[in-house]
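Single-structure report; data block below.
The values are calculated or read from the model by the stated rules, or taken from the named source; none is laboratory data. What you see is a predicted model; the values in this text were computed from it and never measured. Cβ: placed from backbone, ideal geometry, glycine included. Neighbour counts: every protein chain shown. Heavy atoms of the whole protein, side chains included, go into the accessibility calculation; ligands, DNA and RNA do not. Shrake-Rupley method; radii C 1.70, N 1.55, O 1.52, S 1.80 Å.
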Amino acid sequence: MEINEIRIRFVTLPFLSEFSHSLKNGDSSKNVIVEIIADEGAIIGYGEGAPRPYVTGETQQSISESLGFFLQYAGFPWSLRGIPQIWDFVDGLQDGKEHNSALCALEMAMLDAVAKAEGRSVIDYFQKDFACDRIQYGAALPLGSKRKIVEAGTMALRIGIRRIKLKMGADFVQNQQALEGVREVFGGDCDLKVDVNGAWNRELASRHVPLAAEFGIRVIEQPLMPNDADIGEVAKKLKSMNVKVMADESACSFQEVKALVAEGHYNMINVRLSKCGGFRRSRRIIEFLRKESVPFQIACQLGESGVLSAAGRILGLLCKDALYHDGSYDAFLLKENVTIQNVSFGEGGLAGPLGGVGLGVEISQSKLQRLSYGLHPISFRRP
(Lines give C-alpha, C1' and ligand atoms only; values in the text may rest on other atoms or scores of the structure.)
Protein backbone atom coordinates (compact mmCIF):
# COMPACT_ATOMS: atom_id res chain seq x y z
CA MET A 1 0.00 0.00 0.00
CA GLU A 2 1.36 3.39 -1.04
CA ILE A 3 0.40 6.42 1.06
CA ASN A 4 -0.18 9.38 -1.26
CA GLU A 5 -1.47 12.05 1.10
CA ILE A 6 -2.21 12.73 4.75
CA ARG A 7 -4.87 15.27 5.69
CA ILE A 8 -5.64 16.87 9.04
CA ARG A 9 -9.19 18.11 9.61
CA PHE A 10 -10.02 20.33 12.55
CA VAL A 11 -13.45 19.47 13.91
CA THR A 12 -15.66 20.95 16.61
CA LEU A 13 -18.14 18.46 18.05
CA PRO A 14 -21.14 20.14 19.73
CA PHE A 15 -22.54 18.66 22.95
CA LEU A 16 -26.22 18.04 23.60
CA SER A 17 -25.83 20.19 26.72
CA GLU A 18 -22.98 21.73 28.67
CA PHE A 19 -20.67 19.18 30.30
CA SER A 20 -18.07 20.70 32.59
CA HIS A 21 -15.27 19.61 34.86
CA SER A 22 -12.75 21.52 36.92
CA LEU A 23 -10.41 22.16 33.97
CA LYS A 24 -12.95 22.73 31.21
CA ASN A 25 -16.23 24.57 30.83
CA GLY A 26 -17.87 24.17 27.49
CA ASP A 27 -20.48 22.85 25.15
CA SER A 28 -18.21 21.32 22.51
CA SER A 29 -14.98 19.45 21.90
CA LYS A 30 -12.19 20.51 19.53
CA ASN A 31 -10.54 17.43 18.00
CA VAL A 32 -8.58 16.48 14.90
CA ILE A 33 -9.38 13.82 12.32
CA VAL A 34 -6.45 12.45 10.32
CA GLU A 35 -7.12 10.93 6.89
CA ILE A 36 -4.60 8.69 5.17
CA ILE A 37 -5.25 8.49 1.43
CA ALA A 38 -3.52 5.48 -0.10
CA ASP A 39 -3.34 3.78 -3.49
CA GLU A 40 -4.68 6.86 -5.29
CA GLY A 41 -7.76 7.06 -3.07
CA ALA A 42 -8.73 3.39 -3.18
CA ILE A 43 -8.09 3.21 0.58
CA ILE A 44 -8.77 5.90 3.18
CA GLY A 45 -7.85 5.33 6.79
CA TYR A 46 -9.11 7.49 9.65
CA GLY A 47 -7.69 8.37 13.03
CA GLU A 48 -8.57 10.88 15.72
CA GLY A 49 -6.77 12.84 18.38
CA ALA A 50 -8.35 14.82 21.21
CA PRO A 51 -5.66 17.39 22.08
CA ARG A 52 -6.10 18.97 25.51
CA PRO A 53 -3.68 21.67 26.74
CA TYR A 54 -4.29 20.65 30.36
CA VAL A 55 -3.38 17.00 29.64
CA THR A 56 -0.50 16.76 27.15
CA GLY A 57 -0.11 20.46 26.34
CA GLU A 58 -1.45 19.95 22.81
CA THR A 59 -3.95 21.99 20.81
CA GLN A 60 -5.56 21.57 17.41
CA GLN A 61 -2.93 23.91 15.99
CA SER A 62 0.00 21.98 17.48
CA ILE A 63 -1.19 18.72 15.89
CA SER A 64 -0.22 19.88 12.40
CA GLU A 65 3.24 20.84 13.65
CA SER A 66 3.65 17.44 15.28
CA LEU A 67 2.54 15.59 12.16
CA GLY A 68 4.92 17.66 10.06
CA PHE A 69 7.70 16.55 12.40
CA PHE A 70 6.64 12.87 12.21
CA LEU A 71 6.46 12.86 8.43
CA GLN A 72 9.99 14.27 8.10
CA TYR A 73 11.26 11.33 10.14
CA ALA A 74 13.16 8.88 7.94
CA GLY A 75 11.30 5.94 9.43
CA PHE A 76 7.82 7.03 8.37
CA PRO A 77 6.38 4.22 6.20
CA TRP A 78 5.07 5.96 3.07
CA SER A 79 5.21 2.50 1.48
CA LEU A 80 3.17 0.66 4.10
CA ARG A 81 3.41 -3.11 3.76
CA GLY A 82 2.14 -4.21 7.14
CA ILE A 83 1.58 -3.59 10.83
CA PRO A 84 5.22 -4.18 11.93
CA GLN A 85 6.22 -1.03 10.05
CA ILE A 86 3.75 1.00 12.10
CA TRP A 87 5.15 -0.37 15.36
CA ASP A 88 8.74 0.27 14.21
CA PHE A 89 7.81 3.86 13.39
CA VAL A 90 6.17 4.47 16.77
CA ASP A 91 8.98 2.78 18.68
CA GLY A 92 11.53 4.93 16.88
CA LEU A 93 10.06 8.13 18.32
CA GLN A 94 11.22 9.57 21.62
CA ASP A 95 8.99 8.74 24.59
CA GLY A 96 7.09 11.70 25.99
CA LYS A 97 3.64 13.23 26.06
CA GLU A 98 4.14 16.38 23.95
CA HIS A 99 2.92 14.78 20.71
CA ASN A 100 0.70 11.98 22.03
CA SER A 101 -2.65 13.10 20.60
CA ALA A 102 -1.04 13.67 17.20
CA LEU A 103 0.67 10.28 17.31
CA CYS A 104 -2.57 8.60 18.35
CA ALA A 105 -4.41 10.04 15.35
CA LEU A 106 -1.67 9.15 12.86
CA GLU A 107 -1.08 5.62 14.16
CA MET A 108 -4.84 4.95 14.23
CA ALA A 109 -5.28 6.12 10.63
CA MET A 110 -2.48 3.83 9.49
CA LEU A 111 -3.98 0.86 11.35
CA ASP A 112 -7.40 1.58 9.86
CA ALA A 113 -5.93 1.82 6.36
CA VAL A 114 -3.95 -1.43 6.59
CA ALA A 115 -6.90 -3.31 8.07
CA LYS A 116 -9.21 -2.07 5.31
CA ALA A 117 -6.67 -3.07 2.66
CA GLU A 118 -6.48 -6.57 4.16
CA GLY A 119 -10.21 -6.88 4.85
CA ARG A 120 -9.68 -7.32 8.59
CA SER A 121 -10.59 -5.66 11.86
CA VAL A 122 -7.93 -3.67 13.71
CA ILE A 123 -8.48 -5.90 16.75
CA ASP A 124 -7.04 -8.85 14.77
CA TYR A 125 -3.54 -7.37 15.01
CA PHE A 126 -3.28 -7.69 18.79
CA GLN A 127 -2.71 -10.57 21.18
CA LYS A 128 -5.93 -11.87 22.72
CA ASP A 129 -4.62 -13.08 26.10
CA PHE A 130 -6.96 -10.68 27.95
CA ALA A 131 -9.67 -10.31 25.29
CA CYS A 132 -13.41 -10.55 25.96
CA ASP A 133 -16.66 -10.47 23.98
CA ARG A 134 -18.16 -7.48 25.74
CA ILE A 135 -17.36 -4.82 28.31
CA GLN A 136 -19.42 -2.72 30.68
CA TYR A 137 -19.11 1.05 30.60
CA GLY A 138 -20.10 3.45 33.35
CA ALA A 139 -21.82 6.85 33.22
CA ALA A 140 -20.12 10.20 33.76
CA LEU A 141 -21.91 12.92 35.74
CA PRO A 142 -20.75 16.52 35.13
CA LEU A 143 -19.56 19.14 37.56
CA GLY A 144 -22.71 20.90 38.68
CA SER A 145 -25.53 21.43 41.13
CA LYS A 146 -27.31 18.72 43.04
CA ARG A 147 -30.31 19.13 40.73
CA LYS A 148 -28.12 18.55 37.66
CA ILE A 149 -26.56 15.47 39.27
CA VAL A 150 -29.97 14.03 40.12
CA GLU A 151 -31.17 14.56 36.54
CA ALA A 152 -28.07 12.97 34.98
CA GLY A 153 -28.00 10.15 37.52
CA THR A 154 -31.66 9.36 36.91
CA MET A 155 -30.98 9.04 33.18
CA ALA A 156 -28.14 6.60 33.91
CA LEU A 157 -30.33 4.56 36.26
CA ARG A 158 -33.08 4.30 33.65
CA ILE A 159 -30.76 2.39 31.35
CA GLY A 160 -29.48 0.19 34.14
CA ILE A 161 -26.11 1.82 34.85
CA ARG A 162 -24.81 1.83 38.41
CA ARG A 163 -21.15 2.47 37.68
CA ILE A 164 -20.79 6.21 38.16
CA LYS A 165 -17.97 8.70 37.64
CA LEU A 166 -18.74 12.02 39.34
CA LYS A 167 -16.83 15.16 38.36
CA MET A 168 -15.77 17.36 41.29
CA GLY A 169 -14.15 20.77 41.60
CA ALA A 170 -12.77 23.11 44.25
CA ASP A 171 -16.15 23.98 45.85
CA PHE A 172 -16.52 21.70 48.89
CA VAL A 173 -20.20 22.48 49.44
CA GLN A 174 -21.05 21.81 45.80
CA ASN A 175 -19.12 18.53 45.92
CA GLN A 176 -20.91 17.41 49.06
CA GLN A 177 -24.29 18.27 47.56
CA ALA A 178 -23.37 16.38 44.38
CA LEU A 179 -22.63 13.29 46.46
CA GLU A 180 -25.97 13.73 48.18
CA GLY A 181 -27.56 13.85 44.71
CA VAL A 182 -25.91 10.54 43.78
CA ARG A 183 -27.20 8.97 46.98
CA GLU A 184 -30.69 10.34 46.34
CA VAL A 185 -30.78 8.55 42.98
CA PHE A 186 -28.92 5.31 43.73
CA GLY A 187 -29.16 4.95 47.47
CA GLY A 188 -25.99 3.12 48.44
CA ASP A 189 -26.16 0.82 45.43
CA CYS A 190 -23.63 2.18 42.94
CA ASP A 191 -19.94 1.80 42.19
CA LEU A 192 -18.80 5.40 42.69
CA LYS A 193 -15.64 7.05 41.35
CA VAL A 194 -14.81 10.73 41.76
CA ASP A 195 -12.77 12.62 39.14
CA VAL A 196 -11.18 15.81 40.48
CA ASN A 197 -8.91 16.76 37.53
CA GLY A 198 -6.36 18.18 39.99
CA ALA A 199 -8.70 20.78 41.49
CA TRP A 200 -7.81 20.16 45.15
CA ASN A 201 -4.91 21.17 47.34
CA ARG A 202 -3.80 19.36 50.48
CA GLU A 203 -6.26 21.13 52.78
CA LEU A 204 -9.25 20.67 50.48
CA ALA A 205 -8.39 17.02 49.89
CA SER A 206 -8.27 16.44 53.66
CA ARG A 207 -11.77 17.92 54.00
CA HIS A 208 -13.04 15.38 51.48
CA VAL A 209 -11.56 12.33 53.23
CA PRO A 210 -14.56 11.81 55.57
CA LEU A 211 -16.90 12.01 52.56
CA ALA A 212 -15.15 9.03 51.01
CA ALA A 213 -16.33 6.82 53.85
CA GLU A 214 -19.75 8.46 54.21
CA PHE A 215 -20.68 8.08 50.55
CA GLY A 216 -18.77 4.91 49.68
CA ILE A 217 -16.33 6.42 47.18
CA ARG A 218 -14.14 3.65 45.73
CA VAL A 219 -11.77 5.64 43.49
CA ILE A 220 -10.59 9.26 43.49
CA GLU A 221 -8.96 10.28 40.23
CA GLN A 222 -6.19 12.89 40.10
CA PRO A 223 -6.98 14.73 43.37
CA LEU A 224 -4.01 17.12 43.00
CA MET A 225 -2.28 18.61 39.99
CA PRO A 226 0.65 16.67 38.52
CA ASN A 227 3.89 17.00 40.47
CA ASP A 228 2.18 18.43 43.58
CA ALA A 229 4.52 17.60 46.46
CA ASP A 230 1.57 16.94 48.81
CA ILE A 231 0.33 13.88 46.91
CA GLY A 232 2.07 11.50 49.31
CA GLU A 233 0.22 12.81 52.35
CA VAL A 234 -3.11 13.05 50.52
CA ALA A 235 -2.80 9.57 49.01
CA LYS A 236 -1.95 8.05 52.39
CA LYS A 237 -5.13 9.48 53.96
CA LEU A 238 -7.34 8.37 51.08
CA LYS A 239 -5.86 4.88 50.93
CA SER A 240 -6.44 4.53 54.68
CA MET A 241 -10.16 4.78 53.82
CA ASN A 242 -9.75 1.95 51.25
CA VAL A 243 -10.01 4.43 48.39
CA LYS A 244 -7.92 3.82 45.27
CA VAL A 245 -6.02 6.91 44.13
CA MET A 246 -5.90 6.96 40.33
CA ALA A 247 -3.44 8.99 38.25
CA ASP A 248 -4.68 10.55 35.02
CA GLU A 249 -3.11 13.85 33.96
CA SER A 250 0.01 12.73 35.86
CA ALA A 251 0.28 9.57 33.74
CA CYS A 252 0.53 10.39 30.04
CA SER A 253 3.74 8.60 29.03
CA PHE A 254 5.44 5.32 29.85
CA GLN A 255 8.19 7.09 31.77
CA GLU A 256 5.65 9.01 33.85
CA VAL A 257 3.75 5.81 34.65
CA LYS A 258 6.95 3.97 35.54
CA ALA A 259 7.97 6.79 37.91
CA LEU A 260 4.53 6.90 39.55
CA VAL A 261 4.51 3.15 40.16
CA ALA A 262 7.99 3.34 41.70
CA GLU A 263 6.91 6.25 43.89
CA GLY A 264 3.84 4.38 45.10
CA HIS A 265 1.46 7.23 45.95
CA TYR A 266 -0.97 6.42 43.14
CA ASN A 267 -2.20 2.83 43.15
CA MET A 268 -4.23 2.93 39.93
CA ILE A 269 -3.61 4.38 36.44
CA ASN A 270 -6.05 5.77 33.87
CA VAL A 271 -5.12 4.79 30.29
CA ARG A 272 -6.62 6.80 27.42
CA LEU A 273 -5.60 6.37 23.78
CA SER A 274 -5.31 10.04 22.86
CA LYS A 275 -3.55 10.91 26.12
CA CYS A 276 -1.09 8.03 25.96
CA GLY A 277 -0.18 8.17 22.25
CA GLY A 278 -2.29 5.47 20.61
CA PHE A 279 -2.45 1.67 20.75
CA ARG A 280 1.25 0.85 20.79
CA ARG A 281 2.15 3.16 23.67
CA SER A 282 -1.05 2.47 25.62
CA ARG A 283 -0.51 -1.27 25.43
CA ARG A 284 3.11 -0.89 26.55
CA ILE A 285 1.83 0.94 29.63
CA ILE A 286 -0.84 -1.70 30.24
CA GLU A 287 1.63 -4.58 29.96
CA PHE A 288 3.89 -2.84 32.47
CA LEU A 289 0.99 -2.31 34.89
CA ARG A 290 0.00 -5.97 34.59
CA LYS A 291 3.53 -7.02 35.40
CA GLU A 292 3.58 -4.71 38.43
CA SER A 293 0.07 -5.81 39.53
CA VAL A 294 -1.19 -2.22 39.39
CA PRO A 295 -4.91 -1.91 38.48
CA PHE A 296 -5.89 0.31 35.57
CA GLN A 297 -8.85 1.82 33.78
CA ILE A 298 -9.47 2.11 30.03
CA ALA A 299 -11.13 5.48 29.44
CA CYS A 300 -11.67 8.30 26.96
CA GLN A 301 -11.21 12.02 26.50
CA LEU A 302 -14.41 13.99 26.98
CA GLY A 303 -15.99 14.63 23.58
CA GLU A 304 -14.46 11.94 21.39
CA SER A 305 -16.13 11.29 18.06
CA GLY A 306 -17.12 7.81 16.91
CA VAL A 307 -13.61 7.30 15.51
CA LEU A 308 -11.87 7.43 18.89
CA SER A 309 -14.84 5.70 20.52
CA ALA A 310 -14.44 2.79 18.10
CA ALA A 311 -10.71 2.60 18.83
CA GLY A 312 -11.40 2.76 22.56
CA ARG A 313 -13.89 -0.08 22.19
CA ILE A 314 -11.17 -2.22 20.60
CA LEU A 315 -8.69 -1.44 23.38
CA GLY A 316 -11.36 -2.13 25.98
CA LEU A 317 -12.26 -5.50 24.47
CA LEU A 318 -8.57 -6.45 24.66
CA CYS A 319 -8.53 -5.68 28.40
CA LYS A 320 -11.04 -7.72 30.35
CA ASP A 321 -8.76 -7.21 33.34
CA ALA A 322 -9.28 -3.44 33.38
CA LEU A 323 -10.93 -2.45 36.65
CA TYR A 324 -13.21 0.02 34.84
CA HIS A 325 -14.11 1.03 31.29
CA ASP A 326 -15.29 4.55 30.44
CA GLY A 327 -16.22 5.74 26.95
CA SER A 328 -18.64 5.24 24.03
CA TYR A 329 -20.70 8.22 25.21
CA ASP A 330 -21.41 9.34 21.65
CA ALA A 331 -25.22 9.55 21.50
CA PHE A 332 -25.40 10.54 25.17
CA LEU A 333 -23.06 13.53 24.80
CA LEU A 334 -22.70 14.64 21.17
CA LYS A 335 -25.28 16.58 19.18
CA GLU A 336 -23.50 15.58 15.96
CA ASN A 337 -20.87 13.00 15.10
CA VAL A 338 -18.61 12.29 12.13
CA THR A 339 -19.42 8.58 11.98
CA ILE A 340 -22.43 6.96 10.33
CA GLN A 341 -22.56 4.31 13.06
CA ASN A 342 -23.67 5.15 16.59
CA VAL A 343 -20.77 3.99 18.75
CA SER A 344 -22.65 4.13 22.06
CA PHE A 345 -23.02 1.54 24.79
CA GLY A 346 -26.36 -0.17 25.33
CA GLU A 347 -28.57 -1.15 28.24
CA GLY A 348 -26.61 -1.53 31.45
CA GLY A 349 -23.55 0.04 29.79
CA LEU A 350 -22.83 -3.17 27.89
CA ALA A 351 -21.05 -3.06 24.53
CA GLY A 352 -19.36 -5.53 22.21
CA PRO A 353 -17.41 -5.54 18.94
CA LEU A 354 -18.56 -3.17 16.20
CA GLY A 355 -17.87 -5.61 13.37
CA GLY A 356 -16.74 -4.65 9.90
CA VAL A 357 -13.24 -3.87 8.73
CA GLY A 358 -10.73 -1.36 10.04
CA LEU A 359 -11.95 0.41 13.14
CA GLY A 360 -15.47 -0.73 12.34
CA VAL A 361 -16.94 2.69 11.51
CA GLU A 362 -17.67 4.63 8.34
CA ILE A 363 -17.18 8.37 8.08
CA SER A 364 -19.82 10.75 6.77
CA GLN A 365 -17.90 13.17 4.55
CA SER A 366 -20.73 15.69 4.67
CA LYS A 367 -20.73 15.69 8.47
CA LEU A 368 -16.94 15.82 8.59
CA GLN A 369 -16.93 18.85 6.34
CA ARG A 370 -19.76 20.58 8.20
CA LEU A 371 -18.20 19.99 11.62
CA SER A 372 -14.96 21.52 10.34
CA TYR A 373 -16.85 24.83 10.30
CA GLY A 374 -15.13 26.18 7.21
CA LEU A 375 -11.60 25.35 8.39
CA HIS A 376 -9.56 24.01 5.50
CA PRO A 377 -7.69 20.76 6.06
CA ILE A 378 -3.92 20.76 6.12
CA SER A 379 -2.43 18.37 3.60
CA PHE A 380 0.93 16.58 3.53
CA ARG A 381 1.77 14.91 0.23
CA ARG A 382 4.20 12.09 -0.30
CA PRO A 383 7.68 13.55 -0.87
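Tabulated results
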quantity	calculated
Rounded, prolate or oblate (a/c below 1.5 giving rounded, otherwise prolate when a/b exceeds b/c) for the chain by Cα gyration tensor	prolate
Value of [θ]222 nm, deg cm²/dmol, for the chain, DSSP H segments ≥ 4, -39500 (n - 2.57) each, nearest 500	-11000 deg cm²/dmol
Pairwise Lys count, segment 258-376 - Cα closer than 18 Å, eight or more residues apart or different chains	4
DSSP beta bridges in the chain [antiparallel fraction, %, rounded to 5]	55
Pairs of lysines in segment 94-244 (C-alpha under 19 Å apart; 8 or more residues apart or interchain)	16
Unit charges on C-beta of K, R, D, E only; dipole of the chain, Debye	520
Nearest-20 debye value, segment 220-314 charge dipole, Cβ charges on Lys, Arg, Asp, Glu	480
Sites residue 88 and residue 263, calculated FRET efficiency, Cβ-Cβ separation with R0 22 Å, nearest 0.05	0.10
Kyte-Doolittle mean at least 0.0 and Cα axial length at least 15 Å: DSSP H helices in the chain	60-72, 100-118, 306-317
Spin-label model distance (nm) - residue 39 vs residue 367, 7 Å beyond Cα toward Cβ	2.6
Difference of contour (0.36 nm per residue) and Cα-Cα distance, residue 189 to residue 81	33.8 nm
Extended-chain gain in nm, criterion 0.36 nm per residue less alpha-carbon gap, residue 240 and residue 335	30.0 nm
Relative contact order %, segment 256-363, counting alpha carbon pairs below 8 Å whose residues are six or more apart	22
Pairwise centroid distance, computed over Cα atoms, of segment 276-329 with segment 87-104, Å	17
Part-to-part distance (alpha-carbon centres) for segment 127-158 and segment 1-77, which is given in Å	26
Where the chain is the region considered: accessible area per residue in Å², 1.4 Å probe	40
Accessible carbon and sulfur surface of segment 132-204 relative to its total accessible area, %, 1.4 Å	45
Of 100, 117, 80, farthest towards positive along the dipole that unit charges on Lys, Arg, Asp, Glu beta carbons give segment 72-135	117
Electrostatic dipole magnitude of segment 184-276 [Cβ: Lys, Arg +1; Asp, Glu -1; Cα centre; debye, to 20]	240
Relative contact order for the chain, counting Cα pairs under 8 Å that sit 6 or more residues apart, in percent	23
Efficiency of FRET from Cβ geometry, residue 145 and residue 202, R₀ 35 Å, rounded to 0.05	0.85
Sparsely packed trypsin sites (Lys or Arg not before Pro) within segment 112-182, loop by DSSP, other Cβ within 10 Å at most 15	120, 128, 134
Cα-projected label distance for residue 12 with residue 54, points at 7 Å along beta-carbon direction, nm	1.9
Charge dipole of the chain about the Cα centre (unit charges at C-beta), most positive-ward option of 208, 47, 278	208
